[in-house]
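The values are calculated or read from the model by the stated rules, or taken from the named source; none is laboratory data. From a predicted model like this one, the values you see are computed outputs, not experimental measurements. We place every Cβ from the backbone using ideal geometry, glycine too, and count neighbours over all the protein chains shown. For the accessible areas, the whole protein counts, side chains as well, though only heavy atoms, and no ligand, DNA or RNA atoms are used. Shrake-Rupley method; radii C 1.70, N 1.55, O 1.52, S 1.80 Å.
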Amino acid sequence: MSYRDKILQKLKDRHADNSFRTLIVREGLVDFFSNDYLGFARDQELFNAVLNKEAQYRLEVCNGSTGSRLLSGNTRLAEEAETCLAAFFQAEKTLIFNSGYSANVGVLSALPQKGDTILYDELIHASLKDGARLSFADRISFKHNDLEDFEKKIKRAKGDIFVVVESIYSMDGDKAPLKEIIRIAKQYDACIIVDEAHSTGTCGAYGEGFVLAEGLQDDVDIRIHTFGKAMGIHGACVAGEKMVIDYLINFSRAFIYTTAFSPHSFFAVLAAFEKLRGAQNILTTLHKNIQQFSAGLKQFDSYIVSTSSIQVLKIGGNDRVKELAQKIQAQGFDVRPILSPTVKKGEERLRFCIHAFNTETQLTDLLACIKKNL
């Protein structure tokens, strides 16, 4: 069988499972699916602030970075953005990566070595798992948020131990029992890595993330903050001590061998985090909307309890969840089904993303639409 035959067979299998993916543009529906939790991606004030920074900052090179950070791509602007982020996240230093995916891969592929162990929650993001595979370390997963299984598995770990969790899990919307994980992990002198993708901008009084909101920044070795969700822009940063950042600059292939951000992207980082510092009213509205919607979902047995922007009804079956999503979309709400193999077979779901810009009427009408069609 040739590679073409294998490709065709895999595509046929996806069609047969009703899990074939296509790129779709939908317009005119109420957004209950994007990661734009604070509405920053559509915020005209933020857009103008980025342009103003570009106009005020004198640049010799303005369209592209011209190379990797270690060659021609490093600038005073890049270092200014990283200094700003370090202050905001109360870290000794930060390092910007071009995306959350590349940051996760860059950390996990570089730090653990052969003979070490990466111990990770089974529901961590695919990018973290990909990074772990690229390392030469042993990999052990533990049941989702299961402290008993975590403690059992960490006793099997060898070499240096790297514990990897998310603060808020993207498919369930629940939070890691981080204090308890830290308590156990510290007994084994483990390095704790927390992916803050969905808590950056949404957790804490100023959107500083779950770790800082819980006062655990001195107990977590590495935090990875993504900008492409609540921050409404692009990129990510790794926050940690200077020694770790220096190591990544020297050994993280995802950082070393890629073209740096364009100046526009660095301006966007500066402007977005300036806006976040004054966005307490937006955060208040977001959490009010989450409370309203989660209270409405509690009437359904399939609801996965969550206090985050990610709200989930577990439906089961690709056919069933796609049909339900289409009925809700027909009523004007952009809700997307999450299919297997993204989640396990039987755990297919409707995933609702709640935003600060969703109105009380939109939330009420969507709940009524779900009840009518479920």
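Results, tabulated for the structure shown:
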quantity: Cα pair count fraction exceeding 12 Å, expressed as % - the range 293-334; calculated: 65 percent
quantity: Extension gain, ASN250 back to ASN281 (0.36 nm per residue minus Cα-Cα distance, nm); calculated: 7.1 nm
quantity: Estimated distance in nm for a label pair at LYS371 and ARG42, the labels positioned 7 Å out from Cα along Cα-to-Cβ; calculated: 2.6 nm
quantity: Full-stretch length increase - LYS345, ARG133 - with 0.36 nm per residue and alpha-carbon distance subtracted; calculated: 74.0 nm
quantity: Rough spin-label spacing in nm, given labels placed 7 Å along Cα→Cβ, for ASN74 and SER302; calculated: 5.2 nm
quantity: Relative contact order of the chain, pairs being alpha-carbon contacts under 8 Å that are 6 or more residues apart, as %; calculated: 23 percent
quantity: With all protein chains modelled, accessible area of ILE140 [1.4 Å, Å²]; calculated: 20 Å²
quantity: Dimensions in Å of the range 1-153 - Rg and Dmax from alpha carbons; calculated: 21.7, 60
quantity: Relative compactness, the range 218-351, computed as alpha-carbon Rg over 2.2 N^0.38 Å; calculated: 1.39
quantity: Full-extension gain in nm, VAL61 to SER2, via 0.36 nm per residue minus C-alpha separation; calculated: 16.5 nm
quantity: Distance in nm between pseudo-label sites at THR361 and LYS186 (7 Å out along the Cβ direction from Cα); calculated: 5.1 nm
quantity: Accessible surface ranking that places the most exposed of TYR120, TYR3 first, with a 1.4 angstrom probe; calculated: TYR3, TYR120
quantity: Theoretical FRET efficiency, 1/(1+(r/R0)^6), r = Cβ-Cβ of GLN113 and SER34, R0 45 Å, to 0.05; calculated: 0.75
quantity: With all protein chains modelled, accessible area of ASP334 [1.4 Å, Å²]; calculated: 0 Å²
quantity: Local electrostatic count, ALA254, Cβ distance below 13 Å [Lys/Arg +1, Asp/Glu -1]; calculated: +1
quantity: Neighbourhood charge, 10 Å Cβ-Cβ cut-off, centred on LYS242 and excluding it, Lys, Arg +1 and Asp, Glu -1; calculated: -2
quantity: Computed log₁₀ I(q)/I(0) - Debye formula, equal Cα scatterers, no solvent, the range 134-173, q 0.23, 0.29, 0.30 Å⁻¹; calculated: -0.87, -1.11, -1.14
quantity: Length-normalised contact order for the range 62-182 - Cα pairs under 8 Å, 6+ apart - percent; calculated: 20 percent
quantity: Selection from LEU95, ALA272, SER141 lying farthest towards where the dipole of the chain points positive, charges on Cβ; calculated: SER141
